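Worksheet for the structure shown next.
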Amino acid sequence: MNTVAVGFWGAFFGSAALMLAASLLAYLQTRHKVPLRAAQLAVVSALFTLAYLGGLPMPDGDAEKRVLAHIAAVSFALPILQLLAWLGLTRGPERRRLASMAVWGLAALVVLVGWMLSARQALMLSSLVIVLMGLVALPLAARSALLGDRLAWLAFAGMFFVDITLAGLSWIALEEVTAWPVHAVSAIAGTAFLATFSVAVWERYSYLLELRQVMAYGPAYDPVTRMRSHAETGQMVGAAFVAAGGEARPVGVIAVSIGNLYALEQLHGRGAANHALFVCASRLRRIVPGNVEMGRLGEDGFLLVTRDTDGPQRLVALARQVAQRLARPVSLSTSDPTAETSGRAGWVADVGVGVLAASAPATRPANAVTMARDMSRTAWSYGSRIAWFDRDRREIAELPLTDGRR
């Protein structure tokens, strides 16, 4: 192998070793299964690559190609199952079992068909199948990414890099390519895959760590929402209503109330209710613009305040987005979310949103908050789940989800 190619593959194996060491250290400290999966993938990726490069002791000739065909069919099942887990397609034991049976069944079928072909044809078949599986996975990841799943973009990038690596390694094994550019591209793509996967694992790992703390401590430790506590929200509202230079300025207030948190707590415990708050707050942070300040509002709600109100249209659009996003279904943990057999419960937030465009200093901050919160609870009885103060009719009315719905 060319010296330059050796250098590129050295970077790949160094990345795999670093990923393995970090994953094992995290697992030894916390006993979480997430870093253990990362360690497993690092080992499989390194061994798979080493086998295709001829670095493992194997028989020569056709026997080597047949062994490589089996390794390719079996090894690729792990990243495919991990991708499905990233995209949330294997939630629940039944889905997990069906996905595992389908993926491993396909791997077994490829191995079986390979024995009916020559060694070279078997290797070509396995290589073609794993590349095609990667290509099929790309639209699944892209669809989830376009729907707002940030982790899906990492899954998309990871599968893209995997496909490049697999195509390059297959070429190297089949044609015994020694040209260093082929090795370089394959090694760089493999290293990029490991880096992408490490970022995805860290996001998932840190999420579970924080979620475990949330479920253990509840509102006393307010990463439940990672927002201002209820007491500090009052100061946030007061500051928003302070006029710059004594001049009045409009203040947009959106109150969000969740009507079924108490019932959730009674049914599944405080941990599940904390998880629900955590998810709702995370969704809010992802959709709320940077010029909007957020805080807790009692035990079952949130308050959004903005001083940048260029007319009510922007405030109304934000309220509609909040109502639609928070009303999406979620699968909640009813026990330790990092445990091997964590209890799950499906839940949909009973959201009510109250929208108020107030003026400072004509409106007292406490009155604005109280009115917005009252409207949010009134909104529970509306189909759109959004209430606002209709200034034309001078009364609280339902705000449609779209301008065309009246």
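The values are calculated or read from the model by the stated rules, or taken from the named source; none is laboratory data. Source: prediction; values computed, not measured. All Cβ positions, even for glycine, are placed from backbone atoms using ideal geometry, and neighbour counts span all protein chains on display. Accessible surface areas use protein heavy atoms only, side chains included; no ligands, DNA or RNA. Shrake-Rupley method; radii C 1.70, N 1.55, O 1.52, S 1.80 Å.
Structure values in brief
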{"quantity": "Accessible-area ranking of 381, 257, largest first, probe 1.4 Å", "calculated": "381, 257"}
{"quantity": "Area of residue 153 that stays accessible when all protein chains are in place (1.4 Å probe, Å², to 10)", "calculated": "130 Å²"}
{"quantity": "Residue-span extension gain [residue 401 to residue 286] - 0.36 nm each, minus C-alpha spacing", "calculated": "39.4 nm"}
{"quantity": "Mean Cβ count within 10 Å, highest first, over the residues of peptides 182-189, 104-111", "calculated": "182-189, 104-111"}
{"quantity": "For residue 344, residues with placed amide H under 5 Å, excluding near neighbours", "calculated": "334"}
{"quantity": "For residue 300, solvent-accessible area (1.4 Å; no DNA, RNA or ligand), Å²", "calculated": "30 Å²"}
{"quantity": "Under Karplus coefficients 6.51, -1.76 and 1.60, residue-wise ³J(HN,Hα) of region 119-128 in Hz, glycine/proline x", "calculated": "4, 5, 5, 5, 5, 5, 5, 4, 5, 5"}
{"quantity": "Amide H within-cut-off set for residue 399, under 5 Å, with H built and near neighbours excluded", "calculated": "386, 387, 388"}
{"quantity": "Which of 8, 302 is most accessible, then next, and so on - probe 1.4 Å", "calculated": "8, 302"}
{"quantity": "Candidate residues 388, 171: accessible-area rank, largest first, probe 1.4 Å", "calculated": "171, 388"}
{"quantity": "FRET efficiency estimate (nearest 0.05) - Cβ-Cβ, residue 171 to residue 348, R0 35 angstrom", "calculated": "0.10"}
